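Have a look at the structure below, then the notes.
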Amino acid sequence: MRHFLDLKDFSADSLQTMLDDALRMKSAQKSGTVHEMPLAGKTVAMIFEKPSTRTRVSFEVGIAQLGGTPLVLSTNDLQLGRGETVEDTARVLSRYVDAIMIRCFKHETLFTLAEYASVPVINALTERSHPCQLMADLMTMIEYHGPLAGQTVAWLGDGNNVAVSWIEAAVLFGFQLRIAGPQKYAPPADLLAWAWANGGDIILTDEVGLAIDQVQNVVTDVWISMGNDEGSRRTDFAPFQVNADLMKAAAGDVIFMHCLPAWRGMEVTAEVIDGPQSVVFDEAENRLHVQKAILAWCVGSN
Ligand code: CP
Ligand code: NVA
């Protein structure tokens, strides 16, 4: 079954093929070339336990552009929200639709859905990871800096779901990832152990200067993710804010990335996110193109 659950389930070559397809689909679309329709006659269910702007719209538009029918299902509208099991939901939906995308809290829910579904399942964010976001970010890095191997990336802030997918990508594609944040918010220990055991060039530090020095790609994310309590997060993360002063120590052609939504004045200043080094809207656009390539792979057409 062609599930898209986590980057580390794939080889770099197979992800690179999807990225190449996404780049090709993007340029075909921009030049008005007739589009491939691998989802013609197919329906894709999109389950949301949490809010979304980019994921919902880019998947819904992408499915339509590939000739398919998107079906948006909030858990409040499903019997799942009243206690029907994930197992039964997976089995029932599989009788109607050709693929299922899910954004949910527990990573376990994603795995259970994938185990009991007889159609491909796509991870559209869990508390653990956000692989579709990373595919868009990798595509953006390629557009600005070329091949991924050997690039340098600084991740500032929370070792959250997006950071997890960054770590998996760094190991697979062979770029250096410098993670700077408070120790108590470090990424999961099991993932770091896997990354280092597999030769990942992952540096963990609480010194922002070390992470930023001549780096080509700077990335951050919100300090308070969906489902997090605020607690002391604002003060804990304050030293890791991306601001113009900090960006001066990066490489001359540095780009600034953020999966969005962003909280200006917290993890990044308006000057940086709205400035010339920021590529955040390219990242957002690339969600559309790369998810089309992922969907095409899921239904077996590439
Ligand atoms: N980056 C991202 O996944 O955004 P949404 O929460 O708006 O989908
Ligand atoms: N880390 C963020 C990403 C949002 C796209 C969250 O989980 O809320």
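The values are calculated or read from the model by the stated rules, or taken from the named source; none is laboratory data. As the structure is a prediction and not an experimental result, all values here were calculated from the model. Here Cβ is always computed from backbone atoms with ideal geometry, including for glycine, and neighbour counts include all displayed protein chains. For the accessible areas, the whole protein counts, side chains as well, though only heavy atoms, and no ligand, DNA or RNA atoms are used. Shrake-Rupley method; radii C 1.70, N 1.55, O 1.52, S 1.80 Å.
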Over its alpha-carbon atoms, the chain yields an Rg and a Dmax in Å of 18.8, 55
Under a Gaussian network model of the chain whose springs join Cα atoms within less than 10 Å, the largest fluctuation of G150, G181, G200 belongs to G150
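Tell me, what does the Kirkwood hydrodynamic radius of segment 69-154 come to in angstroms if you use every pair of distinct C-alpha atoms?
Working: mean 1/r = 0.0680 Å⁻¹.
So the Kirkwood estimate lands at 14.7 Å.
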With a cut-off of 8 Å between alpha carbons and a minimum separation of six or more residues, what is the relative contact order of segment 250-297 in percent?
41 percent
Rounded to the nearest Å, the spacing of the alpha-carbon centers of segment 38-89 and segment 143-161 is 29 Å
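Whole number in Å², please: accessible area per residue of the chain, 1.4 Å probe, ligands, DNA and RNA not counted.
Numbers: 12230 Å² over 302 residues.
Heavy-atom accessible area per residue stands at 41 Å².
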Just to verify a number: FRET efficiency for E271 and E230, C-beta to C-beta distance, R0 = 30 Å, to 0.05?
0.75
Counting each pair of different Cα atoms once, what's the Kirkwood radius of segment 174-218 in Å, rounded to one decimal?
11.2 Å
Considering only lysines 8 or more places apart in sequence, or on different chains, count the pairs in the chain whose C-alpha atoms sit under 20 Å apart.
6
Size of charge dipole - the chain - debye, nearest 20, with Cβ of Lys, Arg +1 and Asp, Glu -1, no other charges
680 debye
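How much length would be gained if the chain were fully extended between S11 and I203, taking 0.36 nm per residue of separation minus their Cα-Cα distance, in nm to one decimal? Mind dumping the intermediate values first?
Working: separation 192, 0.36 × 192 = 69.12 nm, distance 2.22 nm.
Value of the extension gain: 66.9 nm.
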Just V34, V44, V86 to compare: in a GNM of the chain, with alpha carbon springs under 10 Å, which one fluctuates most?
V34
In the chain the accessible area split gives carbon plus sulfur, as whole percent at 1.4 Å, a share of 51 percent
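Can you pull the Rg over Rh of segment 19-59, Cα-only, Kirkwood?
Working: Rg = 13.3 Å, Rh = 12.6 Å.
That ratio equals 1.06.
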Pair A28, A40: separation of 7 Å Cα→Cβ label points (nm)
1.2 nm
